[in-house]
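Reviewing the structure listed below.
The values are calculated or read from the model by the stated rules, or taken from the named source; none is laboratory data. Quick caveat: nothing in here was measured; it's all calculated off a predicted structure. With ideal geometry, Cβ positions are generated from the backbone for all residues, glycine too; neighbour counts draw on all protein chains shown. Just the protein is used for accessible areas: all its heavy atoms, side chains included, with ligands, DNA and RNA removed. Shrake-Rupley method; radii C 1.70, N 1.55, O 1.52, S 1.80 Å.
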Amino acid sequence: MDTKRGYQYSSSKCADTVHAARNLIRQLLGNVPSSVAPASTSQPPVLQLGSKHLSLLAWSLSVMSVFNESISAEARQLCYALAERTSQPGVIRTIVPGVQDVHPEACRNWAGVLYGLAKVGVKCSDDARVKQVFHVCMEQELPDLLSQGQRCLPQSVSNAAMACVDAGYEGSMEPFISAVARRVGEPSMGGVGGGMMANAAPQAWSNLIYACAKLEQRGEQAGGGLGGGMSIIAEAGAAAMASALQKPVQYQPKPQELANTLWGLSYLGWYDADIIEVLAHAVVERMGSSTPQGISNTLFALSTLGWYDSGVYDALLVALLNRSDQLAPQQCSNAMYSCAVASHGGSAVDKLAQVISGQDVSKQGRWNTQDLNSALYAWAVLGCIGVASDSLNEMAQHLLREVNNRGPAASQASHLRQLYPAHLEAERVGLQGGGLSTANGMLQATAEQHIQGQAELCMKVRQSGGTAGMRHAAAALQRAGYEVELGGRVGQDGYQAELLVRHEGCPNGIAVDVLSGTDRFRHPPGQISGKARQRHAQIRQRCDGLVVLSEAAAKQPGLVVQQLDQELWYCSSADLIKIG
């Protein structure tokens, strides 16, 4: 017996079904005689289908491909022809080709075609016809239909967005996002009291926010983005997810939907303290049915959002550790990284380190260089802020051995830069086995990338003039007669100090650091991120003093000068941080 999606089939029934499916695919492609169209027709039947049937065909192909992989190649060929037909003018939009009446299910059928194509596994890069149908749908048809107020189900909106993620669509999403944002914010169009997504299930909201975050990530890498409408969608979606938690159990969000929502919101940069707290505690309450990926994503999202609660972090870590035999490398490294950003230590973090130490971190163990380097960077950050233990050090030894075995060629430049703090921390604590190897050039390559990266940061600050707070602080100190340098470099490795004050009594200078938004946690207010604290520790080791200011304090000239004057008195110790 074969089992697919919960159904059981006998071998004979499977063979009969596959044979019938393959025969239908060939008929639709016009490769065998068909009863679907007259013999005199020159076009294959698939190129004669209408709106609803194209959508149903795409869905059917996605199901058949999962059911039996042996028909996938033929299904893909049919997908290409289906895409060609769908992108023809008016085929999906109208009931009868050539007639202007809009099909009442046009939005649903467009989404069905894209979702089905993506689930079969075709990519926009595979065939020009696939790329074209996504372009026509997402940049022309769906935005236009939505703008006209045509009926569109919430699931159709989220399915179209998820299809773009799965199919690797790299075109502009801004027309679609803007149209969705307008419909979400206009109750008169497509819904009552909550816009087009008023009655959306949690899964639809979760998928839409998650897909938009993925597409925003892709857009940023390609130099584009989703546009301003995304903040409207994120706000409405987050509020809807929190509200759904008050409904009967069967209508509440599932753990993976909550985790995906939090991850999406963290990447999109949307934040509301009350809603994030509600969603975070909801994940904790449902940890029994959460996956390791969902728990790891939740930790990563909360640390990225700047939200911290020791009880929530510990509970999530314990739930993750209870699934230690299922943990993938990325889940381990992301969890450790999240704890470092949140300055979170304790027994659960030690146990996570023990789990990592017990894993095969070689390539055969599926640990890639990014996971290795991320976990080592987290160890360096935790060490700099005073979170240290034998378990964490043993983890670092375990990971460093593998990093040295692979050598510099295995890591990208950005990943090598992440390793440099780990080497410095290994030297500082006298880690058994040492840090990066000089024998194979690992240390040299990493140091070169670190120095280059710091030089790039300094150049960026000099060219831009730094943040608004940095410019205010520099102007105040210059008016007070101090010699200041934007984009200063300190120490033998040229570490960047965004603002460096030169003084005859302090040959290594006094650094002034203005905390950016990501340097401070939103909850609890005032908590500095582990990454910022690690940066401060590195600066203190290279400078004679350090003054840390908030953005608000940097705009008060008298306070800036007062803080620097006080630091001059203590420049010999160079280990005191004061938050203005």
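At a glance:
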quantity	calculated
Count of residues meeting criterion [over 13 Å from Cys212 (Cα atoms) and of a type in the set (S, T, N, Q)] in the range 224-280	5
Pair list, Cβ < 6 Å and 6+ apart or interchain, from the range 316-343 residues that are among the acidic types (Asp, Glu) to residues that are open to solvent by 10 Å² or more (accessible area, probe 1.4 Å)	none
Every residue from the range 451-505 that is among the charged types (D, E, K, R) and either out of contact with any Leu (no Cβ under 6 Å at 6 or more places or on another chain) or closer than 24 Å to Gln418 by Cα (or both)	Glu456, Lys460, Arg462, Arg471, Arg479, Glu483, Arg489, Asp493, Glu498, Arg502, Glu504
Within the range 240-260, considering residues that are surrounded by 15 or more Cβ atoms within 10 Å (Cβ to Cβ) and of a type in the set (A, V, I, L, M, F, W, C), the one nearest to the chain's Cα centre (by Cα)	Ala259
Flag for Leu564 being touching a residue at least 12 places away in the same chain (Cβ under 8 Å), open to solvent by less than 20 Å² (accessible area, probe 1.4 Å) and over 38 Å from the mean Cα position of the chain (by Cα)	yes
Selection count, the range 463-474, where residues are closer than 11 Å to Pro557 by Cβ and either open to solvent by 30 Å² or more (accessible area, probe 1.4 Å) or of a type in the set (Val, Ile, Thr) (or both)	1
Total residues in the range 335-378, condition open to solvent by 10 Å² or more (accessible area, probe 1.4 Å) and over 19 Å from the mean Cα position of the chain (by Cα)	17
Selection count, the range 97-114, where residues are open to solvent by 70 Å² or more (accessible area, probe 1.4 Å) and out of contact with any Gly (no Cβ under 8 Å at 6 or more places or on another chain)	4
Answer residue from the range 208-229, given it is touching a helix residue (DSSP H, G or I) at 6+ places or on another chain (Cβ under 6 Å) and part of a loop (DSSP other than H, G, I, E, B) and is modelled with the lowest pLDDT among those	Gly225
Boolean, Gly430 is out of contact with any Gly (no Cβ under 9 Å at 6 or more places or on another chain), open to solvent by 20 Å² or more (accessible area, probe 1.4 Å) and either polar (S, T, N, Q) or free of Cβ contacts under 8 Å to residues at least 60 places away in the same chain (or both)	yes
Checking Gly6 against (1) modelled with pLDDT under 90; (2) small (Gly, Ala, Ser); (3) closer than 27 Å to Lys123 by Cβ, the condition it does not meet	(3)
Of the criteria (1) closer than 17 Å to Tyr337 by Cα; (2) open to solvent by less than 40 Å² (accessible area, probe 1.4 Å); (3) in a helix (DSSP H, G or I), which one Gln418 fails	(2)
Where Gly294 falls short, out of the listed (1) in a helix (DSSP H, G or I); (2) within 18 Å of the chain's Cα centre (by Cα); (3) over 19 Å from Val249 (Cβ atoms)	(3)
The listed residue being surrounded by fewer than 23 Cβ atoms within 10 Å (Cβ to Cβ) and either touching a His at 6+ places or on another chain (Cβ under 8 Å) or aromatic (Phe, Trp, Tyr) (or both), out of Gly185, Gly171	Gly171
So His450, is it modelled with pLDDT under 95 and closer than 25 Å to Gln541 by Cα	no
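Residue-wise test of (1) within 22 Å of Thr304 (Cβ to Cβ); (2) β-branched (Val, Ile, Thr); (3) crowded, with 20+ Cβ neighbours inside 10 Å; (4) out of contact with any helix residue (DSSP H, G or I) (no Cβ under 9 Å at 6 or more places or on another chain).
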site	(1), (2), (3), (4)
Gly491	no, no, no, no
Glu498	no, no, yes, no
Arg502	no, no, no, yes
Pro507	no, no, no, yes
Ala511	no, no, yes, no
Ser516	yes, no, no, no
Ser529	yes, no, yes, no
Ala532	yes, no, yes, no
Glu551	yes, no, no, no
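Per-residue answers, yes or no, for (1) open to solvent by 50 Å² or more (accessible area, probe 1.4 Å); (2) in contact (Cβ under 8 Å) with a residue 12 or more places away in the chain; (3) among the aliphatic types (A, V, I, L, M):
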| residue | (1), (2), (3) |
| --- | --- |
| Ala118 | no, yes, yes |
| Val136 | no, yes, yes |
| Met162 | no, yes, yes |
| Pro175 | no, yes, no |
| Val180 | no, yes, yes |
| Met197 | no, yes, yes |
| Ala201 | yes, yes, yes |
| Asn207 | no, yes, no |
